[in-house]
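Down below is the structure, laid out as structure tokens.
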Amino acid sequence: MANLGYVGLGAMGSQMVDRLMGKGHTVTGYNRTKSKADWLIRKGMTFAVTPKAVCEAADFVFVMVTNSASLEAVANGPDGLLAGLTPGKVIIDMSTVSPAVSKALAAKVREKGADMVDAPVSGSIVTLQQGRLSVMVGGSEATFDRIKPVLDDVGPKVTHVGENGLALVMKIASNLSLAVQMLAFSEGVLLAEKSGIPRATAVDVLTHSAIASPMVVYRGPFVLQMPAEAWFNVNMMQKDMMLALELGRQLDVPLPTTAVTNEYLTAARAMGLVEEDFATVFKVLARMSGVTP
């Protein structure tokens, strides 16, 4: 069993800590809003007052924060992750951020005699709870071998994809497809509905058809009833789409469906739907179609 740290106890991060403790690991955690960690503290997690304190207490430190700016904020400064690092420790960053920002931070980590990998996940809270989450890892193969037993407790599919930053590229490539699929699914539902097929029937047929990816199966029903709390809101998804579009520009890879879907996310923001799950692109398209969402 490992001595772990976790910085960033949002919806996914907190559930991951719960899973890791359930596997017998000890966890020291930090979150900017301490109240969000109260239920984990009651289950045995030790709360640290700074990211630095988490690094000082743990051998492997997971990080899952919102964006590149948030990662730099928890990493730098007198109370940041870098200040608490000593040789041999490993930062396992699960945030979806700019590959360039992640690689720059990894270089600073190695200057401390520690190491860092980018290890974003594919899946949702549901797939995590079901033990079906997959993890992509970018970094040195030796470090990957050290941390793999812990990552195996996160999900059954753990893949080393190459050097630092490449797991983030893989994650961005994966996430752009989630939003594109959701928009295409919404188009199909609305085409059926305006033809006279009940929405619930269309959703049932499509989620049991050839187009039923795991994401469509668990998120498709959101067009019938949105969750009270977004699993992955419009802001979060648009951040990933923008990362994809920037990467496509850098690599001269056209991303036409990504660009179009990103515009629907912008429309969702304009309609005041920013805090809803990104499946709310259905509402945007429904309104454009003259259908009550």
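The values are calculated or read from the model by the stated rules, or taken from the named source; none is laboratory data. No experiment lies behind these values; they were computed from the predicted model shown. With ideal geometry, Cβ positions are generated from the backbone for all residues, glycine too; neighbour counts draw on all protein chains shown. Only protein heavy atoms, including side chains, enter the accessible area calculation; ligands, DNA and RNA are left aside. Shrake-Rupley method; radii C 1.70, N 1.55, O 1.52, S 1.80 Å.
Close Cβ contacts (under 6 Å, 6 or more residues apart or on different chains) running from residues in segment 21-34 that are open to solvent by 20 Å² or more (accessible area, probe 1.4 Å) to residues that are part of a strand (DSSP E or B) comprise MET21/VAL27; THR26/ASN3; TYR30/VAL7.
If you check ALA11, ALA69 for being open to solvent by 60 Å² or more (accessible area, probe 1.4 Å) and closer than 15 Å to SER95 by Cβ, only one passes: ALA69. All of (1) small (Gly, Ala, Ser); (2) modelled with pLDDT under 95; (3) within 28 Å of ALA230 (Cα to Cα) hold for GLY5 with one exception: (2). When we screen ALA179, ALA100 for residues that are in contact (Cβ under 8 Å) with a residue 40 or more places away in the chain and open to solvent by less than 30 Å² (accessible area, probe 1.4 Å), the only hit is ALA179. A count restricted to segment 217-261 and to residues that are assigned to a helix (DSSP H, G or I), surrounded by fewer than 20 Cβ atoms within 10 Å (Cβ to Cβ) and of a type in the set (Val, Ile, Thr) stands at 3.
One residue stands out among those in segment 87-97 that are open to solvent by less than 10 Å² (accessible area, probe 1.4 Å) and assigned to a loop (DSSP other than H, G, I, E, B): the one that is nearest to HIS160 (Cα to Cα), which is MET94. For GLY113, the stated conditions hold: it is over 26 Å from ASP277 (Cβ atoms) and either assigned to a loop (DSSP other than H, G, I, E, B) or at pLDDT below 95 (or both).
Being aliphatic (A, V, I, L, M), surrounded by fewer than 17 Cβ atoms within 10 Å (Cβ to Cβ) and farther than 30 Å from SER14 by Cβ is the filter here; which residues of segment 185-216 pass it? LEU191, ILE197, ALA200, VAL205, ALA210, ILE211 - these are the residues of segment 185-216 that are aliphatic (A, V, I, L, M), surrounded by fewer than 17 Cβ atoms within 10 Å (Cβ to Cβ) and farther than 30 Å from SER14 by Cβ. When TYR264 is tested against the conditions (1) open to solvent by 60 Å² or more (accessible area, probe 1.4 Å); (2) farther than 13 Å from SER177 by Cβ, the lone failure is (1).
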